1. Using helices alone, what [θ] at 222 nm do you get for the chain, with -39,500 (n - 2.57) per DSSP H run of 4 or more residues, divided over all residues and rounded to the nearest 500?
2. Any chance you could check the Cα centroid distance between region 56-102 and region 20-43 for me, in angstrom?
3. List the extent of the Cα atoms of the chain along each of their three principal axes, largest first, rounded to whole Å.
4. Pick from 23, 103, 65: which residue has the top mean-square fluctuation in a GNM of the chain where Cα pairs under 10 Å get a spring?
5. Below 16 Å, Cα to Cα, which aspartates and glutamates can residue 100 reach? Residues fewer than 8 away in the same chain don't count.
6. For 131, 69, 97, which order do you get if you count the other beta carbons within 10 Å of each Cβ and list the fewest first?
7. Taking other Cβ within 10 Å of each residue's Cβ, how do 40, 33, 74 sort, fewest first?
8. Kindly express, to the nearest 10 degrees and within the range 0 to 90, the angle between helix 7-61's C-alpha long axis and the longest C-alpha principal axis of the chain.
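Values in this text are rule-based calculations from the coordinates and carry no lab data. These figures come from a predicted structure and were not determined experimentally. Here the Cβ positions follow ideal geometry from the backbone for every residue, glycine too, while neighbour counts run over all protein chains shown.
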Amino acid sequence: MKKGFTLLEIIVAIGMSGIIITILTSMILNYNLKFKKETLDMQNYFYIHEAFLFIEQEFNKSKNIKTYDNKIELNYIDEFNKKIIQFNGKNKIEIIDIYKNNIKAVNIITSNIKSLSITQKENIIYIIMIDVNGVKYEKCFGIKK
């Protein structure tokens, strides 16, 4: 009667364990990469919709709104203050605060944007943002004349 394991049995057990560990590790890494991509996509979605809400809030606070060259110029009750919303060409949409024709501050509204399109038809402004992954986001805003 045999007591113990043979060398062949130990090698087979180690080989099977190695195969199982390799398969499990590759599955975990694959799911981790998918999770990271989905998280970044959801983050872009959230930031772009927050940018739309911010722009709408600025529209509501402004007295006069003009669009030109894919830019939005917001004039306020105080004639010295105005803001310009534009795409800066570096994957970011920025808002420029201008006071008495001097730039006071430049703030980033959102990032990871490939292109921005702004069109105005009568009292409706259409904004189309395309993110770096090619996903298109559109929103229209009614403005007071």
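1. Working: 1 runs with 55 residues, N = 145.
Rounded to the nearest 500, the figure is -14500 deg cm²/dmol.
2. Going from one Cα centre to the other spans 42 Å.
3. Principal-axis extents of the Cα atoms in the chain, largest first: 101, 30, 22 Å.
4. Between 23, 103, 65, it is 23 that shows the largest mean-square fluctuation.
5. 73, 78, 79
6. Working: 131 20, 69 6, 97 15.
Ascending Cβ contact count within 10 Å gives the list 69, 97, 131.
7. On the way: 40 13, 33 10, 74 21.
Ascending Cβ contact count within 10 Å gives the list 33, 40, 74.
8. In the chain, helix 7-61 runs at an angle near 10 degrees to the longest axis.
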